[in-house]
Structures are given as C-alpha cells and as structure tokens.
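Participant: Could you have a look at this structure, given as structure tokens, before my questions?
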Amino acid sequence: MNATAVPKRRRKRGRRKRKVLDNSDDKEPPPPLKVPLPIFVPSLPKSGTTSVHNYFLCGGQKSAHHVYRIDGQVKNKIGRCVKRNVARNMPPFQGCGDTDIWTDTGFVAASYQKGVTVTRSTNEEEKVGCYYPLIEALDEIYEHIRTQQFFL
C-alpha cells in the first residue's frame, strides 16, 4: 500500500447526509403574540438583532431589520428614516414602513477616506456617519410611542 493512500472506509465515513429542516407549508402558523405592539428592540452592532428579527418573522409577525419595506420593496434604512423624523419633530417611525417590531434600527455610512461620509442622499440632513436611535433618539421614541414595548 502506498503511503498517501487512504483506506476506503475512512473516505466514506466523512460523507454523511445532512438533515434538512422541514419548512413545508402544511403546518399551521403559530398563534399571534399576546403582547401590545409595537415592539422596539434597542440595539447596538452585533447584539443579536438578526436572531430576534428571525424569531418574530417565524412567529408570523411584521418585523423590520435594518431596512424597511413598503409594498414589499426596500425603501431605506430605518435609522435614516428615524433621524429625518426626529429632526422634523415628527413621530420617529412615521413613514418608515408598515411593521410592528423594529430590530436593528441603527446604521453606519462608512468610507475608507478619513472624514468622508458615504451616502446616496443629496439631502444634507441625511449625511451622517452613524446613527443609533437607542442612543440618540430614545427620549423621542418614548415620547411619541408610550405604549411601545421594549425587548431587551
């Protein structure tokens, strides 16, 4: 037997079939949440918001993560919408999509050039390096939406 040969038994053992989760549509959807809506998930980067968002989606809830949609189309980052509304003394989430649960509402517009902010917007009030409603607009969120639940 040659020194580089691998016994057949060892080669076969490494090829196991992976189990596939059953995502069939024949199951009943879970019952709706019995908590007041809307729900705001205060967050910072890498704090588990994707998992929280997926949990609520799995439960059949309307959840927004990072961006918001109107009629199924991605419109903008939630943080940009909240920042614009707060600057205009409007309710923070007004016009930011039809959703009941808000996860990862912050955003960062980064650039490789020091001091340069990347944005597609030509509107000066939207040119910002980063914005986290948890830090910068929590008072406004609480003031406008007193029935809102906070998921920590």
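The values are calculated or read from the model by the stated rules, or taken from the named source; none is laboratory data. These numbers come from a predicted model, not from an experiment. All Cβ positions, glycine included, derive from the backbone under ideal geometry; neighbour counts span all protein chains shown.
Participant: Can you tell me which residue within segment 116-152, out of those that are among the polar types (S, T, N, Q) and under 24 Å from residue 41 (Cα atoms), is modelled with the highest pLDDT? Steps first, answer last, please.
Facilitator: Step one: filter segment 116-152 for residues among the polar types (S, T, N, Q), giving 117, 119, 121-123, 147-149.
From what's left, under 24 Å from residue 41 (Cα atoms): 147-149.
On the way: 147: 63, 148: 65, 149: 70.
Here the residue is 149.
Participant: Given the conditions (1) under 15 Å from residue 141 (Cβ atoms); (2) at pLDDT 80 or above; (3) buried (at least 21 other Cβ atoms within 10 Å of the Cβ); (4) not basic (Lys, Arg), and given that residue 99 satisfies all but one, which numbered condition is not satisfied?
Facilitator: Result: residue 99 fails condition (3) only.
Participant: Hey, another quick one. Can you confirm whether residue 83 is at pLDDT 85 or above, touching a strand residue (DSSP E or B) at 6+ places or on another chain (Cβ under 7 Å) and outside any loop (DSSP other than H, G, I, E, B)?
Facilitator: For residue 83, the condition - at pLDDT 85 or above, touching a strand residue (DSSP E or B) at 6+ places or on another chain (Cβ under 7 Å) and outside any loop (DSSP other than H, G, I, E, B) - is met.
Participant: Of all residues in segment 71-80, how many are among the small types (Gly, Ala, Ser) and part of a helix (DSSP H, G or I)?
Facilitator: Final tally of qualifying residues: 1.
Participant: Among residues belonging to segment 27-62 that are among the polar types (S, T, N, Q) and surrounded by 20 or more Cβ atoms within 10 Å (Cβ to Cβ), point out the one that is nearest to residue 130 (Cα to Cα).
Facilitator: The selected residue is 43.
Participant: I would also like to ask the following. Which of the residues belonging to segment 27-70 are in a loop (DSSP other than H, G, I, E, B) and touching a strand residue (DSSP E or B) at 6+ places or on another chain (Cβ under 8 Å)? Explain how you work it out, then say what you get.
Facilitator: The first filter runs over segment 27-70 and keeps only residues in a loop (DSSP other than H, G, I, E, B), leaving 27-38, 41-48, 59-62, 66.
The answer is 35, 36, 37, 38, 41, 42, 43, 45, 61, 62, 66.
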